Amino acid sequence: MKIFLPILFVFFQTMARSQITLKADGPGNTYELINQTLANKSEAVEAPDQCTNHSSFGRHIREVWDSSLNSFVFEFIIHANPDNDRCIMTDRQRVEIKTYEPSPDDLKGTKGEIITYKWKFKLPEDFSPSTHFTHIHQIKAVGGDSGSPLFTLSPRYNKEGNTLQIIYTANQYSKPEVLIEEPLSNFLGNWVEAEEIISIGKKGKYTTHIKNIKTNEIILSYTNNKIATIRKDNKFIRPKWGIYRSLASPQYLKDETIRMTDFSVFEFAHE
């Protein structure tokens, strides 16, 4: 779906409360910058850096110069072998940044709030998704039913053409539902900007759109004005960015490098 007209999102009876941003500023102290911004200097990075089978590689997130944006960006690096999930799980791999319990309250989405997440990302032209899960963004819950993510942005292998999907999981007993999908080819090799707006509640609202930065063309757009965006007994919701993928179909996987930058979180309160 391609939409060329500007999209305007309006929320009534709102009051701006805060904005927190994370922007790459050059090599060195990358994890320290991420941790300070997203988690009050606690550990906001999940990566296999310290695993004995791959500790020699070092940090899996770096800051590099990007000539297209003319700025420094974060580069997330994952290897088909031997990377795993934080030296804990060996059937999957993870290089992600997150907010969670130690994070500032302004980064925790609670009932009655509206959260807007914005970020830029670039998938390589030869990016290879799996027949199993490959997530590059998640909205997770904390407390209560918190196992499965509520929303994911996920490249997915399809023999008729790979896609980029937004997937929703209502609760631990629900089957994941694909809310929208677009050809993955529209996202490869180009910088895009994502914006995700979540009105948090049992009868919440969810809106997201992604645009090609060079052409300003909207290449994915979805809105649902009646969807549960937090589950019963959840304390808050939180974002994750990076790459998190299953190793169940290793024949589809290869070393990948994803670039991301200009993360921002806007939090609003509403009546």
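Values in this text are rule-based calculations from the coordinates and carry no lab data. Because the structure is a prediction, the values reported are computed rather than measured. Neighbour counts are summed over all protein chains in view; Cβ atoms, including those assigned to glycine, are modelled from backbone coordinates with ideal geometry.
Summary of values
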read-out	value
Cβ-based net charge around Asn84, under 10 Å, with every Lys or Arg adding one and every Asp or Glu removing one	0
Three-way shape call for region 192-251 based on the alpha-carbon gyration tensor, with the a/c threshold at 1.5	oblate
Cα-Cα separations in region 43-165 greater than 17 Å, expressed as whole percent	67 percent
Residue-averaged 222 nm ellipticity for the chain, from DSSP H runs of 4+ at -39500 (n - 2.57), nearest 500	-1000 deg cm²/dmol
In sequence order, calculated HN-Hα J values of region 68-75 (Karplus, 6.51, -1.76, 1.60; Hz; x Gly/Pro)	5, 8, 6, 7, 6, 9, 8, 10
Segment Lys232-Asn216, extension gain: residue separation times 0.36 nm, minus the distance between their alpha carbons	1.9 nm
Cross-link partners of Lys205 among aspartates and glutamates (Cα-Cα below 20 Å; sequence separation of 8 or more within a chain)	Asp106, Glu113, Asp145, Glu177, Glu181, Glu195, Glu196, Asp233, Glu267, Glu271
Within-14-Å neighbourhood charge of Asn234 [Cβ basis; K, R +1; D, E -1]	+4
Contact order relative to length of region 20-270, as percent, for alpha carbon pairs under 8 angstrom and 6 or more apart	27 percent
Three-way shape label, region 152-206, alpha-carbon gyration tensor, a/c 1.5	oblate
Residues Ala170 and Ile88, FRET efficiency given R0 of 22 Å [Cβ-Cβ distance, rounded to 0.05]	0.25
Violating pairs (Cα-Cα greater than 29 angstrom) within the set Lys41/Lys235; Lys98/Lys232; Lys159/Lys203; Lys23/Lys232; Lys211/Lys240; Lys23/Lys203	Lys159/Lys203; Lys23/Lys232; Lys23/Lys203
Percent antiparallel among DSSP beta bridges (both partners in the chain, rounded to 5)	100 percent
Cut-off 9 Å between beta-carbons: net charge of the residues surrounding Gly144, Lys and Arg +1, Asp and Glu -1	+1
